[in-house]
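The values are calculated or read from the model by the stated rules, or taken from the named source; none is laboratory data. Keep in mind that what you see is a predicted model, and the values were worked out from it rather than measured. Every residue, glycine as well, gets a Cβ built from its backbone with ideal geometry; the counts of neighbours run over all protein chains shown.
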Amino acid sequence: MTQGRLQGRRVAIGVCGGIAAYKAIECIRLLTEAGAEVRVMMTPEATRFVTPLTLEALSYNPVAADWLAPQGGGESHIKLAEWANVIAIVPATANTMAKLALGFADEIVSGTVLASRAPLVIAPAMNDVMLTQQPTQDHLNALRARRAVIVEPASGRLASGKSGVGRLASAERIVAVIGAVLTGRRTLDGLRVVVSAGGTREAVDPVRYVGNFSSGKMGRALAEVAAARGADVTLVTTVPSGAEGMTEVAVGSATEMLKALEQATAHADVLVMAAAVADYVPEQVAASKLRRTDRPMDLRLRPNVDILKTLGPRAGLYRVGFAAETEDLRAQAQQKLSAKQLDMIVANQVGVDGQGLASDFNAVTIVTPSGIVADVPRLPKLEVADRIWDAIDAGRNRGG
């Protein structure tokens, strides 16, 4: 999360007694970097995994670990409960989630939650069997019913040494969810979103392809922001990275991407076509590697499949396209918006140093049939993705 984005926001972090407690350190670092004021509370068991002194040094505030210790000026859990804009439990153990679901308050974390009306974010971490047992699932469902936001655990290597579901979500994903809650952007709960990313690769022979300079960073940022805002996200990408919190589908060519998108968008609510699809494809693909010679090689290209045009509009599917242009940015965007019957198009100027293709930064113009709705200046791509989702949210809510 970019420095200063959460300036002045007050975050109470509750750390519970599990081996993943050490990962709370990175969450605290990211939150303070983003400008948030962080105060940490720990269950007695958590202090056996990470020392309060460590978390105090990172949060720049005293750590509350013993709610019966004299604090001066009132009860520590009540003061924390009234101070916090959001409470995040990182990691949340099965035991703590049971207490939160049932309303127990026998230490400072559960006591503070029960005494607070602040939004609650819960990031579970535990053994896969403990997570999937019915009592744990019942407690999670009870917390969801009370509008707690659950940062679903990832799959991976667990403390037991085996692999399974129950691994704590990445610090970046947890902090992104906390940020969405704090800024009132947790608005996509239950929405089914499909995002495409990366440049397609059109084979010339078994080892060469025609492609472009797209890195897939903008598409992945859009997928990550949508997931943090609560959407059920499918990312169809030519640059898979094992992204957490979403379904990732790896593809190579435009034809493969079209097939994956046809399946993914069948019941989707929003399609964001951020991928850079090659406009041309080799007319013939050599069955074996073309050998180098001293003579020029002619490569005959034909127009590639137009994915957005082929998918076409569908009632209930909000379609967002991208236009990377070198000139006449707004005119080209308006033309593509109309030609492809899109609900929105995001245009960006390529060939500008430090932004666009392969960069971590971008600057875009967002256009709908009613005209330009936003000019987003050069910002990190995650922040640009935030602005784009703000525009999509507004567009869908006002019907275009």
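Quick look at the numbers
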| quantity | calculated |
| --- | --- |
| Selection from segment 23-58 of residues that are in a loop (DSSP other than H, G, I, E, B) and crowded, with 24+ Cβ neighbours inside 10 Å | A36, T43 |
| Every residue from segment 82-104 that is among the small types (G, A, S), within 21 Å of V38 (Cα to Cα) and not in a strand (DSSP E or B) | A84 |
| Scan of segment 240-258 for residues that are crowded, with 16+ Cβ neighbours inside 10 Å and out of contact with any Lys or Arg (no Cβ under 7 Å at 6 or more places or on another chain), ordered by number | P240, M246, E248, V249, V251, A254, E256, M257, L258 |
| Every residue from segment 259-273 that is in a loop (DSSP other than H, G, I, E, B) and surrounded by 17 or more Cβ atoms within 10 Å (Cβ to Cβ) | T265, A268, D269 |
| Verdict on L188 being assigned to a strand (DSSP E or B) and buried (at least 22 other Cβ atoms within 10 Å of the Cβ) | no |
| L235 vs. criteria crowded, with 23+ Cβ neighbours inside 10 Å, aliphatic (A, V, I, L, M), at pLDDT 95 or above and in a loop (DSSP other than H, G, I, E, B) | no |
| Residues that are over 10 Å from the mean Cα position of the chain (by Cα), under 19 Å from I392 (Cβ atoms) and aliphatic (A, V, I, L, M), drawn from segment 216-249 | M218, L235, V236 |
| Residues satisfying the stated conditions in segment 294-311, i.e. closer than 17 Å to E283 by Cα and either touching a residue at least 40 places away in the same chain (Cβ under 8 Å) or not assigned by TED's automatic domain parsing to the domain that holds V210 (or both) | L299, L301, N304, V305 |
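Residue by residue, here is whether (1) basic (K, R); (2) touching an Asp or Glu at 6+ places or on another chain (Cβ under 9 Å); (3) buried (at least 22 other Cβ atoms within 10 Å of the Cβ) holds:
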residue: V175; (1), (2), (3): no, yes, yes
residue: T183; (1), (2), (3): no, yes, no
residue: R192; (1), (2), (3): yes, yes, no
residue: A203; (1), (2), (3): no, no, no
residue: V225; (1), (2), (3): no, yes, yes
